[in-house]
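As structure tokens, the structure follows; a few thoughts come after it.
The values are calculated or read from the model by the stated rules, or taken from the named source; none is laboratory data. Every value quoted in this text rests on a predicted model; they were computed, and no experiment measured them. Because the Cβ atoms are built from the backbone with ideal geometry, glycine has one as well, and the counts that use them run over all protein chains shown. Accessible surface areas use protein heavy atoms only, side chains included; no ligands, DNA or RNA. Shrake-Rupley method; radii C 1.70, N 1.55, O 1.52, S 1.80 Å.
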Amino acid sequence: GGLLNYENRGLQFDGIDDSMRVGFLGGIGLTESDPVSIAAWANTSTAATAALQVIAGNYMGEQGGSGNFSMYLMINNGNLVFSVDQRQLAGISLSTPISDGWHFVTATYDGTALALYVDGEARGSNTRNFTGADANTRGWTVGNFSDETNAGHGYNSSFNGLIDEVTLFGRALSLTEIGSIFGAGAAGICTPTIFANGFEGI
């Protein structure tokens, strides 16, 4: 798992094999009609590399689960990428350039439309282009895909850097809400529920 880095505020992932499993989080984001938002502060010095750097996702292989609906937020080749997929059948992705250093990244999905934000600024949107995905029973990971996914596909998807304040919302955040969280900066989010290892659900 990632190490807590007190000096730089966040969970530190080594870009090699660090990962964190956080489970089902109240069933948020497990079917194609579930609204969900993923928000986090992320800091990497290797944004432009070809390596997959997962921030959070419920993509494939988690603890032997089934179902083919999944989503993930990651950095790859200098881009922040948000994908909503019917595994190996169909999927829709958004991407936007992202630089090294700290950024507040947010992906929202209202059950139909997905959108991507960096530092409180809207960076694109699209609409799910598939139907009939089976519910995901794998749960969520932070800082990596699951070990099963990496092994099955030959991925090395550990985040390389720091991730802080990872929060999963059971609704699509508005631009105003995202801007307010970004504006709070180091003051953070006040939330009533901590599910596991500091991963928050609202």
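Some points to look at:
- Criterion violated by ARG21 - all others in (1) in contact with a strand residue (DSSP E or B) (Cβ under 9 Å, 6 or more places away or on another chain); (2) closer than 24 Å to ALA115 by Cβ; (3) open to solvent by 30 Å² or more (accessible area, probe 1.4 Å) satisfied: (2)
- Any chance SER99 is out of contact with any strand residue (DSSP E or B) (no Cβ under 8 Å at 6 or more places or on another chain) and over 19 Å from PHE145 (Cβ atoms): yes
- Residues that are open to solvent by 60 Å² or more (accessible area, probe 1.4 Å), more than 20 Å from GLY27 (Cβ to Cβ) and either in contact with a strand residue (DSSP E or B) (Cβ under 7 Å, 6 or more places away or on another chain) or of a type in the set (Val, Ile, Thr) (or both), drawn from the range 144-178: LEU175, THR176
- Yes/no for PHE69 being at pLDDT 95 or above, open to solvent by less than 20 Å² (accessible area, probe 1.4 Å) and under 19 Å from ALA172 (Cβ atoms): no
- Test: residue in the range 112-123 that is under 17 Å from ILE28 (Cβ atoms) and assigned to a loop (DSSP other than H, G, I, E, B): yes
- Of all residues in the range 7-18, those that are under 24 Å from GLY185 (Cα atoms) and open to solvent by 80 Å² or more (accessible area, probe 1.4 Å) total 3.
- Residue that is farthest from PHE13 (Cα to Cα) [pool: residues in the range 132-143 that are surrounded by 21 or more Cβ atoms within 10 Å (Cβ to Cβ) and at pLDDT 85 or above]: ALA133
- Flag for ALA48 being among the hydrophobic types (A, V, I, L, M, F, W, C) and in a strand (DSSP E or B): no
- The single condition from (1) part of a loop (DSSP other than H, G, I, E, B); (2) at pLDDT 85 or above that TYR155 fails is (2).
- Leading residue by the ranking (most open to solvent (accessible area, probe 1.4 Å)) among those in the range 38-61 that are of a type outside the set (A, V, I, L, M) and farther than 17 Å from ASP85 by Cβ: SER45
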